[in-house]
């Protein structure tokens, strides 16, 4: 059983959700047969400019083939086309132009898939919304499995994706909410789909004390992990946490780990530590009272799973169906839809150590039952078997 | 529910959510907990002291009410008494009668008639108001029932339009698919016809 993982970017230092998801699954599925990754030379997800040399290499034991991007993304042109397809009446041709502008445009990659279809038993496409998935699925529909990693963002309503969601032989969804959304939008209930998600690489040990000592942190803190961006709900988070501290007088700190594209309020209890190594991330999680997830759009949220794996509760944005659904299914997190709910939920969590402990325990059990690697691998194998490997 | 070891707060919270939340640790259900928090938030919003609900509206005075009557003219001061014994007696009589001046004024002036007229007018107004309230009460109940019906109807319409959109989307996809299949069949038919003609030619040669 030879598998081809098709993804827009691939590399050890690429930490985008879908890309990391693809890399981890590829590395784990290597144990069951030959695995290849078909990807582009891009590193930057804004421009998709060629960064890696075209050709082949091996990363963590996985054979990788890279193909050139024929033209980097013109950001202004892409914005113009996106505004057009999202806000005005338009034709399918406009949407195809938008897809082309979005990139990473790599006809070489699609041509390779077409020519070498017979060399692989299955093509696993990651991220429905990019060039390689759209054209790749149309090229080899009978051998394709789609891992859509879809969020509830407006582009999923574009007409060109409705047909695409009916093409693959099987789906691997990240959550029940993602499956329901895609099935409702495209009417593809007859296409087999399984909710799988992804595991995570946990360190052998973690130490909250080490993290506190390294970064000079004292007192209780809540943690945000990920890109600090308005799209991730961070602007609301800053507003809410400042109001929370003013209203309740709580000494809790907000610790932010990740690169930022948003100005961070100058407040002694908001600490931005920048992008940190994985070990520091888990050390920080281990010492946090809870993880806060203010994002409006998520297809799974790997950091939420990591928090639960370490037994930490989560406070999530209720406007994100996936996060709310995960909190309710796991009984391991609270959620908020406005400031008053944020304040009360955070107040309850910070004031009740036993509640944090119980939620954390539930989270760990939920993670163990659904997201350990042996379970994920078994589910992938079942999907592949069902798809006729 | 009392916290086991709540975090220190530098200043007291005016409203402690922990007092109104009840956590069942044996059967912890996040949905139930969130319902309690949402109810507490809703209760706070409707509390006029702490909440953010708008103050009740101040009703303006009806425009067609008559203006308040002008105050009655001040009671005439007693005329200065003539000098001597008579004036002394008059002065004493005035001092003695001073406490009774309001009653005397009431009897002497037609105020009692105005009061009676005002009272009758108020009574008539009350009777009319009672009628209006009774009539409006029935209308309000009816309006409330109508509003509830309308809300249900709107919900049904919303669901219907949602379902229609879903059905229309699904039909469009099916339509496109069938159209593609028809095109393919047309091509196959065309090919079969050509083949048929070619075979006929071969056979008839």
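The values are calculated or read from the model by the stated rules, or taken from the named source; none is laboratory data. Everything numeric in this text was worked out from a predicted model, so none of it was measured. Cβ sites come from the backbone with ideal geometry, for glycine too, and all protein chains shown count toward neighbours.
Results for (1) more than 12 Å from chain B (Cβ to nearest Cβ); (2) crowded, with 24+ Cβ neighbours inside 10 Å; (3) free of Cβ contacts under 8 Å to residues at least 40 places away in the same chain; (4) within 21 Å of residue A:247 (Cβ to Cβ), shown as yes or no for each residue.
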| residue | (1), (2), (3), (4) |
| --- | --- |
| A:318 | no, no, yes, yes |
| A:322 | yes, yes, no, no |
| A:327 | no, yes, yes, no |
| A:332 | no, yes, yes, no |
| A:339 | no, no, no, yes |
| A:346 | no, yes, no, yes |
| A:349 | no, no, no, yes |
| A:371 | yes, no, no, no |
| A:380 | yes, no, no, no |
Expected output for the stretch B:10-38 (first residue within 8 Å of another protein chain (Cβ to nearest Cβ) and over 19 Å from residue A:335 (Cα atoms), partner surrounded by 11 or more Cβ atoms within 10 Å (Cβ to Cβ) and at pLDDT below 85, Cβ below 7 Å, 6+ apart or cross-chain) is none
Considering only residues that are within 15 Å of residue A:290 (Cα to Cα), within 14 Å of chain B (Cβ to nearest Cβ) and either surrounded by 15 or more Cβ atoms within 10 Å (Cβ to Cβ) or in contact with a helix residue (DSSP H, G or I) (Cβ under 6 Å, 6 or more places away or on another chain) (or both), which ones fall in the stretch A:208-249? A:220, A:221, A:222
Regarding residue A:307, is this residue more than 10 Å from chain B (Cβ to nearest Cβ), part of a helix (DSSP H, G or I), buried (at least 24 other Cβ atoms within 10 Å of the Cβ) and touching a strand residue (DSSP E or B) at 6+ places or on another chain (Cβ under 6 Å)? yes
Considering only residues that are buried (at least 16 other Cβ atoms within 10 Å of the Cβ) and part of a helix (DSSP H, G or I), which ones fall in the stretch A:184-207? A:185, A:186
The correct count of residues that are assigned to a loop (DSSP other than H, G, I, E, B) and under 30 Å from residue A:146 (Cα atoms) in the stretch A:311-337 is 5
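Where residues in the stretch A:274-296 are part of a loop (DSSP other than H, G, I, E, B) and either at pLDDT 95 or above or out of contact with any strand residue (DSSP E or B) (no Cβ under 8 Å at 6 or more places or on another chain) (or both), which of them is surrounded by the fewest Cβ atoms within 10 Å (Cβ to Cβ)?
The qualifying residue surrounded by the fewest Cβ atoms within 10 Å (Cβ to Cβ) is A:277.
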Counting only residues in the stretch B:6-47 that are farther than 25 Å from residue A:313 by Cα and loosely packed, with under 10 Cβ neighbours inside 10 Å, the one modelled with the lowest pLDDT is identified as B:12
Lone qualifier among A:113, A:145, A:156, A:172 - being part of a helix (DSSP H, G or I) and in contact (Cβ under 8 Å) with a residue 40 or more places away in the chain: A:113
